[in-house]
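The values are calculated or read from the model by the stated rules, or taken from the named source; none is laboratory data. Only a predicted model underlies this, so the values are computations on that prediction, with no experimental measurement involved. As a convention, Cβ positions derive from the backbone with ideal geometry for all residues, glycine included, and neighbour counts pool all protein chains shown. Protein only, heavy atoms only, side chains kept; ligands, DNA and RNA dropped before computing areas. Shrake-Rupley method; radii C 1.70, N 1.55, O 1.52, S 1.80 Å.
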Amino acid sequence: MQTKISSDKLTLGMFVADLDCPWLDTPFLLQGFQIENEEHLQQLRHHCKSVVVDSEFSTPKAQTTIKLLLKQTSITPAEKSTSFPVSEPSAGNLPTSFIPEHIKLVEFKNVTPVENELSPAGEAFTRTTEVLNNLILDLRNDKTLAIEEVEFAIHDLVESMARNPYAIMLISRLRLENADLYQHGINVAIHLVALGRHLGLPKDMLEHLGILGLLLDVGKTKLPQELLNKHGRLTPDEFEVIKNHVSHCLNILNSSSALHPDILEGIAQHHERENGSGYPVGLSKGEISLFGRMAAIADTFSALTNPRFYAKTYSAYEALHTLTDWGKEFFHGPIVEQFTHAIGIFPIGTMTELSSGEIAIVISHNKVRRLKPRVLIISDKNKQPLPSATTLDLLHQPDTHSPPLTIMRGLPMGAYGLNPREYYLT
């Protein structure tokens, strides 16, 4: 049960489900968390007059405190929250004001374990990669696009992610290495489908999002290769040339196929910004579609986290913090927040260092405690690779781990000479 209480009555162990202010305006990047220390208490009291706590996910001691508070006449059960509680990923609880009213939302549940989904996810990923590879080659040779092949591949990708999105997100993270059109398109497609699934968009819209992500940068095949591969920042004139990839993409797709209007609109708007500073039109706020807003966020996250010739590569953690800041001006803040929930502060496939010194790969998320995912441990505390990896749920650890293990930091792929690709199918 959720209860609204004054922030000065908060105690350790309470699970915070909602705030009386935007999450983006607080230090708490992830919505929904358990109060673990005095710093959390001080920050909550500084930023909030009241919060909504959920007794179901609070500690037993905190549950007792909440029951006592409920007996006070000034404390009452909270009304249904308009924000998305991490503990209950239901489409009905989402802040849906930015989703058009005619869209009927659905609820997705993970119906297969990530280990069981790896094989079909791998097949879908391989097929999608091959299709995009062939599509790029056809474009460079001025051949007609086989859009129906893209649609078939994305259908299989969406079916896999509908069952469990973590498998294909893990495979994507571990297989892709090069910063090119293939990697970027597949990453954006997967992130868009993950975000759409999280929001509760129906499957046909998830397929449209997947196609959008896969194709949004194919116009770059018409740009000079030396410009795309340039080291260092672009000059103003060079950037103007790069901007033309949007119109090139639309010209290619309009002449080659009859794609759904939502896909074309999302591609046309994926570089538009909420404050009107984007391109090619300079749209702002209410002028940008849902797909345009979603594509802008997924495209930027993929660009920040993949190696680029012209700028530093961000860790996923850094990229999410950056998007959160930019969400106040350039992107749609509530969708940025939901994107963070969809992929997690430590996205699937991220290499991490545990408090024991061991290295582990994030393989699935925990909806109640976002910083305690399920991981695959691949090294000992001295960073030496293990003969075989072992899984550990950081939320439900055996008594042999005392104190319980935690994630200390995220690591770049290949840190300490470890290759997680050797483990993910074992």
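The listed residues are Gly344, Gly292, and the only one of them that is under 27 Å from Asp204 (Cα atoms) and in contact with a strand residue (DSSP E or B) (Cβ under 9 Å, 6 or more places away or on another chain) turns out to be Gly344.
Enumerate the pairs (first residue in the range 257-281 and on the phi > 0 side of the Ramachandran plot; second residue anywhere and of a type outside the set (D, E, K, R)) with beta-carbon separation below 8 Å, excluding pairs fewer than 6 apart on the same chain, so at least 6 apart or on different chains. Close Cβ pairs satisfying both conditions: Gly276/Gly282; Gly276/Leu283; Gly276/Ser284. Among the residues making up the range 353-411, those that are basic (Lys, Arg), open to solvent by 40 Å² or more (accessible area, probe 1.4 Å) and within 23 Å of Asn110 (Cα to Cα) are Lys367, Arg374. Selection of strands (runs of 3 or more DSSP E) fully inside the range 347-419 by the criterion of at least 1 residues being within 23 Å of Met14 (Cα to Cα) and of a type in the set (Val, Ile, Thr) returns 407-411. All told, Thr82 meets the bar of being in contact with a Ser or Thr (Cβ under 9 Å, 6 or more places away or on another chain), at pLDDT below 90 and open to solvent by 80 Å² or more (accessible area, probe 1.4 Å). Contact annotation: residue pairs with Cβ atoms under 6 Å, 6 or more positions apart or on different chains, pairing a residue in the range 140-152 that is open to solvent by 100 Å² or more (accessible area, probe 1.4 Å) with a partner that is at pLDDT 85 or above, are Arg140/Thr221.
What's the number of the condition Pro113 fails, among (1) farther than 26 Å from Pro334 by Cβ; (2) in contact (Cβ under 8 Å) with a residue 40 or more places away in the chain; (3) touching a helix residue (DSSP H, G or I) at 6+ places or on another chain (Cβ under 8 Å)? Condition not satisfied by Pro113: (3). Taken over the range 375-393, the criterion of being within 22 Å of the chain's Cα centre (by Cα) and touching a residue at least 40 places away in the same chain (Cβ under 8 Å) is satisfied by Leu376 alone. What do you reckon, is Glu226 modelled with pLDDT under 90 and either basic (Lys, Arg) or assigned to a helix (DSSP H, G or I) (or both)? Spelling it out, Glu226 is indeed modelled with pLDDT under 90 and either basic (Lys, Arg) or assigned to a helix (DSSP H, G or I) (or both). Residues being closer than 30 Å to Pro165 by Cβ, at pLDDT 95 or above, touching a Ser or Thr at 6+ places or on another chain (Cβ under 6 Å) and assigned to a helix (DSSP H, G or I) are entirely absent from the range 277-290. Residues considered: Leu139, Leu145. Of these, the only one that is of a type in the set (A, V, I, L, M), assigned to a helix (DSSP H, G or I) and touching a helix residue (DSSP H, G or I) at 6+ places or on another chain (Cβ under 8 Å) is Leu139. Could you please let me know if Ser255 is open to solvent by 60 Å² or more (accessible area, probe 1.4 Å) and closer than 25 Å to Gly210 by Cβ? Yes: the conditions hold for Ser255. The requirement of being under 24 Å from Gly122 (Cβ atoms), assigned to a helix (DSSP H, G or I), over 16 Å from the mean Cα position of the chain (by Cα) and of a type in the set (Ser, Thr, Tyr) is satisfied by Ser160.
The residues of the range 8-60 that are hydrophobic (A, V, I, L, M, F, W, C), open to solvent by 20 Å² or more (accessible area, probe 1.4 Å) and modelled with pLDDT of 90 or more amount to a single one, Leu12.
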